Amino acid sequence: MNEINDVRKHMRDLLDLIMGLVHAESGFLLVFERTRLAAWVGTHGVPDAEGGSPPDTVISTALEVVRSGKPLIATGREYAEGGPGGTGGSSITVPFLGKGRVAGALHMEGADPDHRFCQDDLVKIEDAIRDVGVDIENLFLYLKMEEQKRLHRMLLSKMISAQEDERKRIAADIHDDTVQSLIGSFYRLEGVELLIEQERLSEAREELSKTRASLQRNISGMRRLMFDLHPSILDDAGLAPAIENYVNRMEDQDGIRGVLHVEGELERLDSTVEVTLYRLAQEVLTNVRKHSEATELVVKVVRRGEMIEISIRDNGVGFDVDEVLEETGHGEHFGLKSLIERAELAGGRVKIESCPGEGTEVTVLVPWRK
């Protein structure tokens, strides 16, 4: 954390230096991840602690420059109408590279109505950025590490919370369904004993038949519960049969028609890898069941070199991937980020393709060796 703070201070010093070169009133250095503002540094006492953010106009202007990769100079009335201060000054925004791509932008503002940024200012800023390109790249790397640590902490917290919620659900299911049903069967058997003592054998047989049916339902329920906790078919037959079993259960329980394709021969994998892949597939299929409104899905499993690829395509409502990823980690869409993080922790990756109204395809790749 001290290293990150040192880099932030260094970036503020850089901003102060550039502000002096071009006679700016304030400045911002913004780093983006996709279209999301990942981190920023501001000058003139602007706090950039967690939770804070620059003015919306600064973010939108910087994002426009990042997307185009071209600098932007806004002056006079153009800036007075759109700038955060509306003072009639001007602004200049310049993209910078990080890890070989446009990673963010440096934004300078001039509040003096008589001051206008020009091409000479642009050259000065680009020269200054070029001289400290390594420092800016380090800032990007440090902030990326900070974000990854935050997401891992959040993922761990969510996983622990999910485990506790699952345990509560299982305990409630056992208590409300299985235990109550077993208690009912116990009292029914007591009643059967009395009927036998009274030689009311026809009624006793009827009660025994009801008790047998109740116990059979309990056995089926416990088997489903044990399968959800850890499907024995995964140990006995392997990954593909376990996924196929889950897909078939989705069709029976949710009416989502599914089919599994296995390309080539899929040999048995390390048990840890099989469990990881199964849980990842289960998470995707759970999302399909809960959110997609799909009626059909196709699952493909194939080994590609050192990777196992599982792709799951549905015909559901779809969604805007960038928009959901931007919201991820801040509420209801955390499950998607959890999927990505779990795959990355296993040395793999996730690819998501979707559009509103056009269904979704999620591809998970994980190394098949530990």
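How many residues does region 338-368 hold that are part of a strand (DSSP E or B) and not hydrophobic (A, V, I, L, M, F, W, C)?
The total comes to 8.
Kindly indicate the residue of region 42-99 that is in contact with a Phe, Trp or Tyr (Cβ under 8 Å, 6 or more places away or on another chain) and of a type in the set (A, V, I, L, M, F, W, C) and also modelled with the lowest pLDDT among those meeting that condition.
Selected residue: Val46.
So which pairs qualify, if the first residue must be in region 64-92 and in a strand (DSSP E or B), the second must be basic (Lys, Arg) and at pLDDT 75 or above, the Cβ gap must be under 6 Å, and the two must be at least 6 apart or on different chains?
Going by the 6 Å Cβ cut-off, the qualifying pairs are Ser90/Arg116.
Which one of Gln180, Gln253 is more than 30 Å from Ser292 (Cβ to Cβ), assigned to a helix (DSSP H, G or I) and free of Cβ contacts under 8 Å to residues at least 12 places away in the same chain?
Gln180
For region 273-327, which positions are loosely packed, with under 14 Cβ neighbours inside 10 Å, part of a strand (DSSP E or B) and in contact with a Pro (Cβ under 7 Å, 6 or more places away or on another chain)?
Selection gives nothing.
Return yes or no: is Glu193 part of a helix (DSSP H, G or I), farther than 27 Å from Arg249 by Cβ and out of contact with any Asp or Glu (no Cβ under 8 Å at 6 or more places or on another chain)?
Spelling it out, Glu193 is indeed part of a helix (DSSP H, G or I), farther than 27 Å from Arg249 by Cβ and out of contact with any Asp or Glu (no Cβ under 8 Å at 6 or more places or on another chain).
For region 258-272, which positions are at pLDDT below 90 and either among the polar types (S, T, N, Q) or surrounded by fewer than 19 Cβ atoms within 10 Å (Cβ to Cβ) (or both)?
Glu263, Gly264, Glu265, Leu266, Glu267, Arg268, Asp270, Ser271, Thr272
Would you mention how many residues in region 173-198 are more than 18 Å from Gly221 (Cβ to Cβ) and either of a type in the set (A, V, I, L, M) or out of contact with any helix residue (DSSP H, G or I) (no Cβ under 8 Å at 6 or more places or on another chain) (or both)?
Number of matching residues: 10.
Looking at region 129-137, can you tell me whether even one residue there is in contact with a Leu (Cβ under 8 Å, 6 or more places away or on another chain), outside any strand (DSSP E or B), modelled with pLDDT of 75 or more and buried (at least 16 other Cβ atoms within 10 Å of the Cβ)?
Yes, that holds for at least one residue.
The values are calculated or read from the model by the stated rules, or taken from the named source; none is laboratory data. The model shown is predicted, which means the values in this text are computed figures rather than measured ones. With ideal geometry, Cβ positions are generated from the backbone for all residues, glycine too; neighbour counts draw on all protein chains shown.
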